[in-house]
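Following: one structure in structure tokens, then a few remarks.
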Amino acid sequence: MAASSISRLIEDLAADIRSGKLPPGSPLPTHRQLATQHGIAIASASKVYTRLKAIGLVVGETGRGTFVRDRPQQHEWDGGDEARRSTHAADLSFNHPTWPGQGDMLRTMLRELSLSGDLAALLHQQPPGGREHEKQIVADFLANARGIRTETDRLFLVNGAQQGLDITARALLSPGDTVAVDALTYPGFKMLAQAQHLALQPVHSLTDGPDLDALATLCQRKRVRAIYVMPTMHNPLGWVLTAGQRQHLVDIARHYDCLLIEDASYAYLVKQSPPALVTLAPERTVYIASLSKSLASGLRFGFIVTPEKYRLPIKATIRANYWSLPSLITAIGTRWIADGTVARQENRMRQEASKRQAIARQALCGMDVIAHPSSLFLWLRLPPELRMDRIATALADHNIAVSKATAYSTTRHSPHALRLGLSSVPREELFSVLTQVRSLIEHFPI
Ligand SMILES: Cc1ncc(COP(=O)(O)O)c(C=O)c1O
């Protein structure tokens, strides 16, 4: 078969997958069957699948065959048009940890679980916030990997860090309360604040963290009930606060009696960081993290550590809200923690993030980028004459999904910038995708 006909076969299959005619998970013919159906050599059939795999449309599993890939579709920050248009995009809008062997890892775990002694226990309701022996596994992990010591009765398992934030705000804040946030902050916190009618007060950012003098002035002027912070690997700017900045922040929180909500979702990416706020001010800090950014965003396994005085309101809110995580999920998550998979994966992701940042620095060299060298995202400031929505729409037309600064901004005037997540696109494709972003921006008609 001529090379052009093989290309056509690739295009036809790709079109069927993209249109949904071949839905996610569909088994595809074996190499031999494909060869027979189209009168091509088996080597050519293998080439077809290799190409479809390279562009992320199929997955092949040794001994099991080839399947249409179930692509993550997660573009919720910006909603609207880009989301619709970029269903099949190179996804720079959301960080899914993806690596070869993920499927096998889950298969092995499910097999292990299916052989475990008391499987029926996984069909039983858990106490609010988790089962004791599983919380102990998380507590040991926090002590060993993060230097955070907690008793299990102050630790709760939640459906990802997002729910941890939501439960914390529901339990400890009231509609109308003022919460200090960074001028650029995690969009999920903005969303929950809006849903819970919290009043967000932006704190101006300096290059290496929030302007703490501005925060102190704000607290002096206004009753600030809580401060939402990401001291280690801020999303989106990647800063890591120094020990001095952390102490200053804690001093302000103590002086003005503010709750500290410490979001450590990406903190694992920094191997040696100054102590978590929860260790400096355990009496007023709720610490929140998950396995979403290191292991699997779809597992929905997160945890919160609360001060003793907030234990009961948080537990009551969990009971009223979701009662407990599914036992199957906590069994999987805690087994992966206990057998060292999570620690190994965190290590691997730290190395992966550094490699991806190096690729990004090369691809975007000379552009106005802010990023931590081991972060999974970067902040790309656009030249003043370019508007971020037009750039984001044009990128969506090229099947590249990005997040706009508006999703992160808590001030009235958002900067013109894009946040690019680096972990969802296969590493081999990252340079080329980022080069396309660069080229589109550089040649954008003004
Ligand atoms: C800073 C930050 N906090 C919390 C979350 C929510 O994470 P999870 O998937 O664990 O709910 C995210 C997810 O993007 C995040 O970036």
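The values are calculated or read from the model by the stated rules, or taken from the named source; none is laboratory data. Bear in mind the structure is a predicted one, so any value in this text is a computation, not a measurement. FYI the Cβ positions are ideal-geometry reconstructions off the backbone, even for glycines, and counts take in every protein chain you see.
At-a-glance table
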{"quantity": "Elements of type helices (runs of 4 or more DSSP H) in the stretch 304-382, at least 2 residues being without any contact (Cβ under 8 Å) to a residue 40 or more places away in the chain and among the hydrophobic types (A, V, I, L, M, F, W, C)", "calculated": "311-321"}
{"quantity": "Conditions (1) within 15 Å of the ligand (Cβ to nearest atom); (2) over 25 Å from residue 371 (Cα atoms): number failed by residue 253", "calculated": "(1)"}
{"quantity": "Close pairs from the stretch 286-298: first part of a strand (DSSP E or B) and within 7 Å of the ligand (Cβ to nearest atom), partner of a type in the set (A, V, I, L, M) and at pLDDT 95 or above, Cβ under 6 Å, at least 6 apart", "calculated": "290/161"}
{"quantity": "Members of the stretch 195-223 found to be assigned to a loop (DSSP other than H, G, I, E, B) and either more than 22 Å from residue 404 (Cβ to Cβ) or within 16 Å of the ligand (Cβ to nearest atom) (or both), listed by number", "calculated": "196, 197, 198, 208, 211, 222, 223"}
{"quantity": "Hits in the stretch 135-175 (condition: surrounded by 17 or more Cβ atoms within 10 Å (Cβ to Cβ) and of a type in the set (S, T, N, Q))", "calculated": "150, 152, 159, 162, 163, 168"}
{"quantity": "Residues satisfying the stated conditions in the stretch 248-281, i.e. over 20 Å from the mean Cα position of the chain (by Cα) and among the aliphatic types (A, V, I, L, M)", "calculated": "249, 250, 252, 253, 259, 260, 277, 278, 280, 281"}
{"quantity": "Residue within the stretch 330-348 that is within 23 Å of residue 187 (Cβ to Cβ), surrounded by 15 or more Cβ atoms within 10 Å (Cβ to Cβ), in contact with a helix residue (DSSP H, G or I) (Cβ under 8 Å, 6 or more places away or on another chain) and not aromatic (Phe, Trp, Tyr) present", "calculated": "no"}
{"quantity": "Any hit, the stretch 438-446, residues being in contact with a helix residue (DSSP H, G or I) (Cβ under 7 Å, 6 or more places away or on another chain) and farther than 27 Å from residue 269 by Cβ", "calculated": "yes"}
{"quantity": "Residue among 157, 192, 142, 165 that is outside any helix (DSSP H, G or I) and within 16 Å of the ligand (Cβ to nearest atom)", "calculated": "157"}
{"quantity": "The lone exception for residue 132 - which of (1) touching a Pro at 6+ places or on another chain (Cβ under 9 Å); (2) among the charged types (D, E, K, R); (3) more than 16 Å from the ligand (Cβ to nearest atom) it fails", "calculated": "(1)"}
{"quantity": "Cβ pairs under 7 Å, 6+ apart, first in the stretch 129-142 and of a type in the set (Gly, Ala, Ser), second modelled with pLDDT of 95 or more and part of a helix (DSSP H, G or I)", "calculated": "129/315; 129/318; 130/330; 139/152"}
{"quantity": "Matching residues in the stretch 240-285 - criterion: being aliphatic (A, V, I, L, M), in contact with a Phe, Trp or Tyr (Cβ under 7 Å, 6 or more places away or on another chain) and assigned to a strand (DSSP E or B)", "calculated": "261"}
{"quantity": "Filtered residue count, the stretch 41-58, keeping only those that are of a type in the set (Val, Ile, Thr) and surrounded by fewer than 19 Cβ atoms within 10 Å (Cβ to Cβ)", "calculated": "3"}
{"quantity": "Residue that is modelled with the lowest pLDDT, among those in the stretch 400-428 that are hydroxyl-bearing (Ser, Thr, Tyr) and either assigned to a loop (DSSP other than H, G, I, E, B) or crowded, with 23+ Cβ neighbours inside 10 Å (or both)", "calculated": "424"}
{"quantity": "Lone unmet requirement of (1) within 13 Å of the ligand (Cβ to nearest atom); (2) under 21 Å from residue 284 (Cα atoms); (3) not in a strand (DSSP E or B) for residue 228", "calculated": "(3)"}
{"quantity": "Residue within the stretch 429-443 that is among the polar types (S, T, N, Q) and crowded, with 20+ Cβ neighbours inside 10 Å present", "calculated": "no"}
{"quantity": "Cβ-Cβ under 9 Å pairs, at least 6 apart or on other chains, the stretch 182-204 side over 19 Å from residue 239 (Cα atoms) and touching a residue at least 12 places away in the same chain (Cβ under 8 Å), far side of a type in the set (Asp, Glu) and more than 11 Å from the ligand (Cβ to nearest atom)", "calculated": "196/177; 197/177; 198/177; 199/177"}
{"quantity": "Hits in the stretch 177-189 (condition: within 15 Å of the ligand (Cβ to nearest atom) and touching a helix residue (DSSP H, G or I) at 6+ places or on another chain (Cβ under 7 Å))", "calculated": "179, 181, 184, 185, 187, 188, 189"}
{"quantity": "So residue 245, is it free of Cβ contacts under 8 Å to residues at least 40 places away in the same chain, under 21 Å from the mean Cα position of the chain (by Cα) and closer than 24 Å to residue 415 by Cβ", "calculated": "no"}
{"quantity": "Residue match in the stretch 156-163 (condition: β-branched (Val, Ile, Thr), in contact (Cβ under 8 Å) with a residue 12 or more places away in the chain and in contact with a Gly (Cβ under 6 Å, 6 or more places away or on another chain))", "calculated": "yes"}
{"quantity": "The stretch 261-285 residues that are at pLDDT 95 or above, paired with ones that are of a type in the set (Phe, Trp, Tyr) and in a loop (DSSP other than H, G, I, E, B) (beta carbon under 7 Å, 6 or more apart)", "calculated": "263/186"}
